[in-house]
Structures are given as structure tokens and as C-alpha cells.
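A quick write-up on the structure given underneath.
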Amino acid sequence: MADAAAVRSLASAVPTTTTPPRHSAVVRVTHWITAVCFFALLVSGVEIVISHPRFYWGEAGNVLTPSLFKLPIPASRPSVPTGYGFVLPDQNGWSRYLHFQAAWVAVLTGLLYIVSGLVTRHFRKYLLPAGSDLTWRALSRVLANHLRFRPPGEAEAWSYNVLQRLTYLFVIFVLFPLMIWTGLAMSPAIASAFPVTVTVFGGQQSARTIHFFGTVFLVLFLLVHILMVCRAGFRNRTRAMITGRARAQKEHP
Amino acid sequence: MSNVSRRKLITTGLAATAGVSGLAVAARLADRYGLIPPDHGGFYGPGETLTYAAQRLLTRHSLAREFPRSQISARPFANGKPPQGEDFKRLQAAGFANWRLAVDGMVAHPASLSLAELRSHPSRSQITHLACEEGWSFIAEWIGVPLSHVLNVVGILPQAKYVVYFSIDRDWWDSVDMADALHPQTLLTYGMNGGALPVGHGGPLRLRVPRQLGYKNVKYITRLTVTDSLKAFSPEGDYAWYAGI
């Protein structure tokens, strides 16, 4: 009896909410952990690339072999011909430590997000596009609205349109797994246990080049993502991803 | 304090105790099976330990990829300068005839081996990829005596956990665990692409650890020390001790 009374008094102490959170707690927490990890991976990845800003295709490549392309930036190694008259300091020690530490946190966070998304049917409810939205007409209409910078309607504050759904699905189920895979394909130890990890890409240098292009796509996604959040109302959208609460009517004040 | 919060406190306490003791048991097991790297402390310790443990579990007996002769790189890149010390220049002038490899530490029979003696042992030739952590790489044929063979000849003591290998260059050494030290592809390399190992690639003697990145493949090896602790051999620079990725 005492238990029941205590439960009642506890329940009344919590303010009653009528609307469900815009984003679930798992989505909010995993979003921000991933954001921090992505920043760490990007900074450390750029530092690692600076030690050899040349890219190759196939199994092997070095400064004595022709490159597929090279980035027009200075390098942190004197052995790389860059055309710049100076050499940047070597930052690979902490960069490599940070890259793999952040990768572990990102992968474990991603696993939590995927498992929870499957269990709570998050993907099916919020990310899988409806069949009727996947026609060329529907797609081109949404795309045209985007390109004309037409502000989103009220309903879109509570759900994603088909372009958003396809983009998020692509990033979550194609880009992130590709980054993990190509990252592992560069590991001589992983390649020794699972050679197919690297042979599917045609070699270790191909995997490195694809890893770089994956980064380019992820950075593009991040820029558009932030731009869209700003367009839709930065404060409201960011608050929704932090506290879970959103006010649809306050979109575009 | 109400019953509910007391019950909650007890369950939380029990869960926390179970979690901590679970972690302690996991750490004990990991240490026993050689899954804790020497640089497991500090801010980057957790990531480093996860990488090392995961790769050790997945790759304990795996062999580095070997390639057909047609894939040998026409232009392998020799990174860095040869040693500038007088002792190296003197040895080089004599064609490395007086080069010696000392083997000491936790071994039954410490030894000092000449290159000719190393060549008289069973040799192994393998065409493997050498990848630098910077991002470049090449494929070459490497010829040498497996480190495991030399370790068997001198007889390692049961408590041995690491092999430290020293370059003739002062302040250049590194170490591997016994899984890599006894791995069949870990070679005391004296030949490359059919000839003697060029000085630029670490000649006359380089340790090739093909399942790890270039910086673990120390050049100009003059000494091996078998040990159960790396405390006296803190790794050079701020690079991760394990370089399987």
C-alpha cells in the first residue's frame, strides 16, 4: 500500500506532457555522441592525410609511382613533393590514437542506435519512405520545393520528407558502413585474417582512396544538414535534438 | 526514505557492483590471454586496448597476404636516411662482414650471430605489402630467417612476453608481443627482391612484421632482447605501440 502511494506521489511530481518528444532519448544521445566522434575523426583524419596527401588505386603506391590525384596542400613529411617550401609538423602520433578511439566510440554508438532503431521500429516509422513517395513525380516535387528554398510545412516539423529519409538512410546504412569497411581494409592485420575485406576494393590503396571520398561525402552531408537545420529554425530544431521538445507552430517566426 | 527509492538504491548498487566486478574479471582474463597492450593507460588507453584485443582475437594465427611475383613494386620507396654514425659506415665499408646480431634477455643461451650464421639457418621468402602509417606502400619479396627460428635456437624462457629489437641507430627500437615474435612471417630480413637487402630498406638486417605498419619494421637490427616487461623500453615518440591498423 505504501508502495502504491509513493508511486502516485512520484508520478504527480513529474510534469505531465501531452506531446511525445520529437526525438527519442536514444536518438538524441547517439546523435550528439556521433557528432563529437565525427569531429574527432575528421580532425585526426585530416592530420593523417597531411602526412601523405597523394592518392593511388590498386594495392600499392608511393612517391616514386604516379598518383591518381594529389591534394594541393603542404605535407608533414619532407619526402612528399608538394611544391611548398616548408614541411608541417608531424601530428600522426595523437591523430592515429584519437582516430581509432573515436572510431570505437562511433561504432559502439552506431550499434546501439541500429539495435534500438530496429527494436522500436524507428527506421520503419520515420526513415523508410512510403511507397507512394518513391515515384518520380513525388520525388521531383519535393526536390523542386527544396531547390526553390520553399520553407517546410508544419507537418514536416514532426516528420521527414522523402529526400531527408533517403539521405539519412544512405548516410546510416551506406556511407558509415563503407567508412568502417574501408578503414578496416587499410589494416594489415585485418587484411591477414579477412583478405576479402581489401580485395573487394582492388587493393589497400583503393580502400584508402574510397575512405577519402567517403569523408568528402560525409562532410557534404554535414554542411547541407547544418544549412537545413538553420533554414528550418536553428534554435527550435537544436532544442528538439537536445531536450526532445519541439514547437511546430514556432517554425519560421 | 520511501521503500521505492530504497529498493532502487539497492538494485542500482547491486548492478554497479556486478558491473565493476564484471569489468575486473574481464580485465583479468584479457591480461591472461595477452589482450592488454603496454600503452593501455591514459586518455587513449581504452581505444588502444579495444583495437589490440579485437585484432589479437581475430588475427592470432592469420597470415599476411602474399602476392604473385608480378605484383612486386617496380619502384619501392626507401624512407629515411641510412645511419650517419661512424660504426655503421665502418661496417658498411667492410661489406657488413662484421655485422652481428646479439640475442639476450630471457633466453637460455644468449648468442651473438653473424650475417653468415643467420644465412645458414633455414630461410623463408615471402612477397608482402609494406604499408607506412603515413599512407604509402609497396610490395616486395623479403628473404630472411624467421624470428621464431632464432628464438627457438636460443631458447626463450616461459615468462617471456615481448621481444625488443634495437637498431644500430641510437634511440631507435621497438617491440612486439610473442604472438608476432613467433609468427611464421616475422622475418629477420637480409634479402629483398632476389638480392641483398639494400641499405635504404634497412640492410643488412631489418625486422619485417608484415601484419603491422611500417614503423614496427625497424631497420639495421643489431640486438634482440627477450623480456617480460617493457618498462625499461618505453616506446619512442608518441606512436601507438600496436600498429596492426
Check your understanding: Which residues, taken from the range B:122-138, are surrounded by 22 or more Cβ atoms within 10 Å (Cβ to Cβ) and of a type in the set (A, V, I, L, M, F, W, C)?
Key -> B:130, B:131, B:136, B:138
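Which members of the range B:21-50 meet the condition of being part of a helix (DSSP H, G or I) and either touching a residue at least 40 places away in the same chain (Cβ under 8 Å) or more than 30 Å from residue B:178 (Cα to Cα) (or both)?
Restricting attention to the range B:21-50, the residues satisfying the condition of being part of a helix (DSSP H, G or I) are B:21-32, B:45-50.
Hit for the range B:21-50 is B:48, nothing else.
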Review point. If you take the residues in the range B:58-94 that are within 11 Å of chain A (Cβ to nearest Cβ) and in a helix (DSSP H, G or I), which one is surrounded by the most Cβ atoms within 10 Å (Cβ to Cβ)?
Key: B:59
Check your understanding: Out of all the residues in the range A:195-244, which are at pLDDT below 90, farther than 22 Å from residue A:36 by Cβ and of a type in the set (D, E, K, R)?
Key -> A:231
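Among the residues of the range B:72-99 satisfying the criterion of being of a type in the set (A, V, I, L, M) and out of contact with any Phe, Trp or Tyr (no Cβ under 8 Å at 6 or more places or on another chain), which is nearest to residue A:66 (Cα to Cα)? Give the steps one after another, and end with the answer.
Taking the range B:72-99 first, the residues of a type in the set (A, V, I, L, M) are B:72, B:74, B:78, B:91, B:93-94, B:97.
Next cut, out of contact with any Phe, Trp or Tyr (no Cβ under 8 Å at 6 or more places or on another chain) only: B:72, B:74, B:78, B:93-94, B:97.
On the way: B:72: 16, B:74: 12, B:78: 16, B:93: 35, B:94: 37, B:97: 38 Å.
So the residue we want is B:74.
State whether one or more residues within the range A:145-164 are in contact with a Cys (Cβ under 7 Å, 6 or more places away or on another chain) and either within 28 Å of residue A:238 (Cβ to Cβ) or assigned to a helix (DSSP H, G or I) (or both). Reasoning before the result, please.
Step one: list which residues in the range A:145-164 are in contact with a Cys (Cβ under 7 Å, 6 or more places away or on another chain), which gives none.
Within the range A:145-164 (the criterion being in contact with a Cys (Cβ under 7 Å, 6 or more places away or on another chain) and either within 28 Å of residue A:238 (Cβ to Cβ) or assigned to a helix (DSSP H, G or I) (or both)), the answer is no, since none of the residues qualifies.
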Review point. How do the strands (runs of 3 or more DSSP E) wholly within the range B:152-245 filter down when requiring 3 or more residues that are of a type in the set (Gly, Ala, Ser) and within 18 Å of residue B:92 (Cβ to Cβ): which remain?
Key: none
Study note, to complete from the structure: The correct count of residues that are assigned to a loop (DSSP other than H, G, I, E, B) and in contact (Cβ under 8 Å) with a residue 40 or more places away in the chain in the range A:20-65 is 10
Revision key, fill the gap. Checked the range A:189-225 for anything under 20 Å from residue A:107 (Cα atoms), more than 22 Å from the chain's Cα centre (by Cα) and in contact (Cβ under 8 Å) with a residue 12 or more places away in the chain; matches are A:191, A:198
**Study point:** Unique residue being surrounded by 18 or more Cβ atoms within 10 Å (Cβ to Cβ) and of a type outside the set (Lys, Arg) when the list is A:66, A:78, A:53, A:74
**Key:** A:53
Check your understanding: So which residues in the range A:66-80 are in a loop (DSSP other than H, G, I, E, B) and in contact with a strand residue (DSSP E or B) (Cβ under 9 Å, 6 or more places away or on another chain)?
Key -> A:67, A:68, A:71, A:75, A:80
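Within the group A:110, A:93, A:83, which residue is assigned to a helix (DSSP H, G or I) and more than 10 Å from chain B (Cβ to nearest Cβ)? Spell out the reasoning first.
Values: A:93 fails: more than 10 Å from chain B (Cβ to nearest Cβ); A:83 fails: assigned to a helix (DSSP H, G or I).
One residue alone meets the criteria, A:110.
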Exercise for review: Filter the range A:164-182 down to residues that are surrounded by fewer than 22 Cβ atoms within 10 Å (Cβ to Cβ) and of a type outside the set (A, V, I, L, M, F, W, C) and give me whichever is nearest to residue A:67 (Cα to Cα).
Suggested key: A:177
Practice item. May I ask you to list the residues in the range B:27-57 that are surrounded by 12 or more Cβ atoms within 10 Å (Cβ to Cβ) and of a type in the set (A, V, I, L, M, F, W, C)? Key: B:27, B:30, B:35, B:36, B:50, B:53, B:54, B:57
Study note, to complete from the structure: Among the residues of the range B:20-52, the number that are within 10 Å of another protein chain (Cβ to nearest Cβ) and at positive phi is 1
Revision key, fill the gap. Checked the range A:66-78 for anything in contact (Cβ under 8 Å) with a residue 12 or more places away in the chain and either within 13 Å of residue B:136 (Cβ to Cβ) or at the interface with chain B (Cβ under 9 Å from one of its Cβ atoms) (or both); matches are A:67, A:68, A:70, A:75, A:76, A:77
Study note, to complete from the structure: Reported set for the range B:107-129 where residues are more than 16 Å from residue B:207 (Cβ to Cβ) and free of Cβ contacts under 8 Å to residues at least 40 places away in the same chain is B:112, B:114, B:116, B:117, B:120, B:122
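The values are calculated or read from the model by the stated rules, or taken from the named source; none is laboratory data. All values reported here derive from a predicted model rather than from experimental measurement. No Cβ is skipped: glycine too gets one built from the backbone with ideal geometry, and neighbour counts run over all protein chains shown.
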